[in-house]
Amino acid sequence: MALSEQYLDEDVHPIDIVETLASHHAWDFERIADDQIAMSVEGQWRTYSITLAWSDYDETLRMICTFEMEPPKERLPELYEALNATNDQCWSGAFSYWEEQKLMVYKYGLVLAGGNMASPEQIDTIIGSAVRNAERFYPAFQLVVWGNRTPKQALEVAIAEAYGRA
């Protein structure tokens, strides 16, 4: 049975769907409000903090996926250059760095204007995409910040495909 089949004839709040998915995947989560949920998703490199919030005003399900990063100030220009190049590779979201909070952020907004409903598959896909992109580009960000690599050199690591098994 597809995830969405249980919601076919119902008008379900998107955050209720997220809560069901979080339970299904056994992610730690907290329902912050009726229209917001925060969870932790374990990756290979980090544990990612993911928050989804529903806005009635513009009918958008907003997601942010964050992880801590404290680059030295002198490496910020290279990090911002790497972020620009990274965002050229991400078609369904974008990275930014929140310097004051010391957080790397991946953002995505699912617009559901006109009373449309998000499917569990859509929500699962945007969460999965956030984690995959964070996992894919985390080593490149580390190489830029701590390995003194150029953004171009660092992104070659993220763009390279691994084949075979170790």
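Things to note:
- FRET efficiency for Gln89 and Asp35, using Cβ-Cβ distance with R0 set to 22 Å, rounded to 0.05: 0.10
- Stretching the chain fully between Arg62 and Ser23 yields a gain of 12.1 nm (0.36 nm per residue, less the alpha carbon separation).
- Over region 1-146, Cα pairs under 8 Å with separation of 6+ residues give a relative contact order of 24 percent.
- Among Glu68, Glu100, Glu78, residue whose mean-square fluctuation peaks in a GNM of the chain (springs only between Cα atoms under 10 Å): Glu100
- Ligands, DNA and RNA left out, the 1.4 Å accessible surface of region 18-154 is 48% carbon and sulfur atoms.
- The residues of the chain present an accessible area of 58 Å² per residue when probed at 1.4 Å with all protein chains retained.
- Listed residues Val144, Val105, Val12, most fluctuating in the chain (Gaussian network, C-alpha, under 10 Å): Val12
- Between Asp16, Asp35, Asp88, the GNM of the chain built on Cα springs shorter than 10 angstrom shows Asp88 fluctuating the most.
- Length-normalised contact order of region 29-102 in % [C-alpha pairs under 8 Å, at least 6 apart]: 17
- The chain - Debye-derived log10 I(q)/I(0), Cα point model, q = 0.16, 0.17, 0.18, 0.19 Å⁻¹: -0.95, -1.03, -1.11, -1.19
- The simple Förster model, with R0 at 25 Å and r as the Cβ-Cβ distance, assigns Gln153 and Glu99 a FRET efficiency of 0.60.
The values are calculated or read from the model by the stated rules, or taken from the named source; none is laboratory data. No experiment lies behind these values; they were computed from the predicted model shown. Every residue, glycine among them, receives a Cβ derived from its backbone with ideal geometry; neighbour counts consider all protein chains shown. Just so you know, the surface numbers come from the protein's heavy atoms only, side chains and all, with ligands and any DNA or RNA stripped out. Shrake-Rupley method; radii C 1.70, N 1.55, O 1.52, S 1.80 Å.
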